[in-house]
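The values are calculated or read from the model by the stated rules, or taken from the named source; none is laboratory data. Everything quoted here is computed from the prediction, not taken from an experiment. Glycine gets a Cβ as well: all are built from the backbone with ideal geometry, and neighbour counts include every protein chain shown.
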Amino acid sequence: MVQNKNRRLKIIALLSLQFITCATFAQSKATAGNTLKRPKLVVGIVVDQMRWDYLYRYYDRYSNGGFKRLMNEGFRCENDYINYLPSATAVGHSAIFSGTVPAINGIAGNDWVDQLSGKALYCVTDTTVNGVGSDAEEGKRSPRNLLSTTMTDELRLATNFKSKVVGVSLKDRASILPAGHMPTGAFWFDDESARFITSTYYTKELPAWVKKFNDANEPEKLVANGWNTLYPINTYAQSTEDNVRWEGRFAGETSTAFPHKVADAYKARHTTIRSTPFGNTLTLDFAKAAIEAYQLGSNGVTDFLTINCASTDYVGHMYGPNAIEVEDTYLRLDKDLADFFANLDNKLGKGNYTIFLTADHGASHSIEFNKEHNIPAGAWNPATFATKLNQMLKARFKEDKLVISITEYQVNFNIPFITRQKLDYTAIKQAAVDMLKDEPTVLFVADMARLNDASIPETVRTMMINGYNYKRSGAVMIIPTSGWFQGGATGTSHGEWNAYDTHIPLLFMGWGIKHGVTYDKTYTTDVASTISALLHIQVPSGNIGTPISAVFSGAENSVSSATKPKTAK
């Protein structure tokens, strides 16, 4: 009986082992191939100063492979808006990639005044680092002033730093802030050396591929033949006539008319290439070189490339939205984008990467253009208002220079001095508000500590709140009358709440994206949560945005059923 009992126990043990082995094998087989689906590469393109209406203003002239491809194959968000102030480059890039607003991410402008010390600061200045590739001041840059993470940071964290992240732009801030705190690299153009550089925050030595790219002297080659229109000039029907009074000039020019002898201007000053469409060509060529050097999209995990096409901003500032130069810049950018997308198709395969394209801000029509067409407009000079405020405050409080400056339509008071002199800060701010609200070019003005007392429409009020970082923003915020902005007699600028500055394009295309359109209102801060949802990664630390769920195609953006949690029955 003992032998029979032992025999039965051995049989039970063998059967149990066989069951466990089969179950384990079945589980391994079910799990294999049921991995999380993600694209090979995400490319975030921010076209600097691109108004939403440029998508349609020049639509008939675009090629099928550039903007039209994004619109006709991808998903369009037709009512995408900036939801904070000011509408500026650094602020826009930070909001897009962090999914949040200046009040939280700390990037309160391209420049700001530290309210506690009274010192002026540039958004990405970092005196603890040095340039790599150049000894110029433009090399002392890093993302340390950005107070929240970005979707690029979160991708790195989600893949245990296996994903590669690279930022590219002519502008330092437009490369550094999108790439986040821990990228593989961030590169920008140094005017002094006419080379792409980085800083010791990222690396001690310029990568060999960047040196090789720089040694090819592409900027000089791009401007060698000057700048003439891509097509016959009489076909530029969406623009005003050439050589009008509200357009700027390159150094040495006697008129604003084509052709522009930019080769001569470039020899005298390398910054010239920024204000030509060739700056975008240079940027996208550098981006293609980065894809090849880092094998982006071919590393077994999702990589991320951020690109800022900045020349659209420089050309816009110089000429204004209605110039032939602006139209030509967008037609050339369209061809460059078509070439860039084709390069991705060849390298990664169509449908294996995800693209989004948006803008950091828009722009107003030129002041003189508006006047020419009976639209109220004028120049709003912050230095003039700062002087008037100091004169008034000195008469009232017997102290000079209580206002340091006005930046981004915000009044920066000399708080350290006011504190030392034991002056009534609340009374000083109120005196400033009382004076400014009587100015005909000021629509609204408020002490941000007492915003609830101001009669301001909710939409504008929310944008003011979102844009106010009390350590970095001036205590009194000004909303100029529509058409008045910090600009001169030529070109244009931006920074305001109006639709011309805040209604921007937002397009998605590629892996996980369906073809479609939404006319629902979306916001700049929704981009990061949308891409985070697509990639199944955590949203950035300060995120306030909401995923635009209509863009998702469905099956491509899923975890296979074997890895989904079971639903209780």
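Laid out as a table, the results:
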read-out	value
Condition met for Ala383 (surrounded by fewer than 21 Cβ atoms within 10 Å (Cβ to Cβ), small (Gly, Ala, Ser) and under 25 Å from Ala90 (Cα atoms))	yes
Hey, Leu230 surrounded by 15 or more Cβ atoms within 10 Å (Cβ to Cβ) and within 24 Å of Tyr314 (Cα to Cα) or not	yes
Residue within segment 389-405 that is buried (at least 18 other Cβ atoms within 10 Å of the Cβ), under 30 Å from Asp53 (Cα atoms) and under 33 Å from the mean Cα position of the chain (by Cα) present	no
Residue under evaluation Ser366, criteria (1) closer than 30 Å to Ser98 by Cα; (2) crowded, with 16+ Cβ neighbours inside 10 Å; (3) of a type in the set (Gly, Ala, Ser), criterion not met	(1)
Count - residues of segment 115-135 that are assigned to a loop (DSSP other than H, G, I, E, B) and either loosely packed, with under 14 Cβ neighbours inside 10 Å or at negative phi (or both)	13
Qualifying positions in segment 245-293 - polar (S, T, N, Q) and surrounded by fewer than 20 Cβ atoms within 10 Å (Cβ to Cβ)	Thr254, Ser255, Thr271
Which numbered condition Glu138 misses (of (1) surrounded by fewer than 24 Cβ atoms within 10 Å (Cβ to Cβ); (2) modelled with pLDDT of 95 or more; (3) assigned by TED's automatic domain parsing to the domain that holds Pro207; (4) not in a strand (DSSP E or B))	(2)
Output for segment 65-108, where each listed residue is part of a loop (DSSP other than H, G, I, E, B) and either touching a Cys at 6+ places or on another chain (Cβ under 7 Å) or free of Cβ contacts under 8 Å to residues at least 60 places away in the same chain (or both)	Ile107
Condition check for Arg38: charged (D, E, K, R), surrounded by 24 or more Cβ atoms within 10 Å (Cβ to Cβ) and assigned to a loop (DSSP other than H, G, I, E, B)	no
Residues satisfying the stated conditions in segment 232-245, i.e. over 30 Å from the mean Cα position of the chain (by Cα) and under 18 Å from Lys335 (Cα atoms)	Pro232, Ile233, Thr235
Any hit, segment 275-284, residues being at negative phi and either at pLDDT below 95 or assigned to a loop (DSSP other than H, G, I, E, B) (or both)	yes
Criterion: acidic (Asp, Glu), surrounded by 21 or more Cβ atoms within 10 Å (Cβ to Cβ) and under 30 Å from Arg156 (Cα atoms) - qualifying residue of Asp303, Asp339	Asp303
Subset of segment 329-371 [in a helix (DSSP H, G or I), out of contact with any Pro (no Cβ under 6 Å at 6 or more places or on another chain) and basic (Lys, Arg)]	Lys335, Lys347, Lys371
Flag if Asp345 is touching a Gly at 6+ places or on another chain (Cβ under 8 Å), over 30 Å from Leu443 (Cβ atoms) and either acidic (Asp, Glu) or surrounded by 19 or more Cβ atoms within 10 Å (Cβ to Cβ) (or both)	no
Sole exception among (1) surrounded by fewer than 20 Cβ atoms within 10 Å (Cβ to Cβ); (2) under 19 Å from Pro183 (Cβ atoms) for Met151, by number	(1)
Those helices (runs of 4 or more DSSP H) lying entirely in segment 145-261 with at least 2 residues among the hydrophobic types (A, V, I, L, M, F, W, C) and within 30 Å of His365 (Cα to Cα)	172-179, 218-223
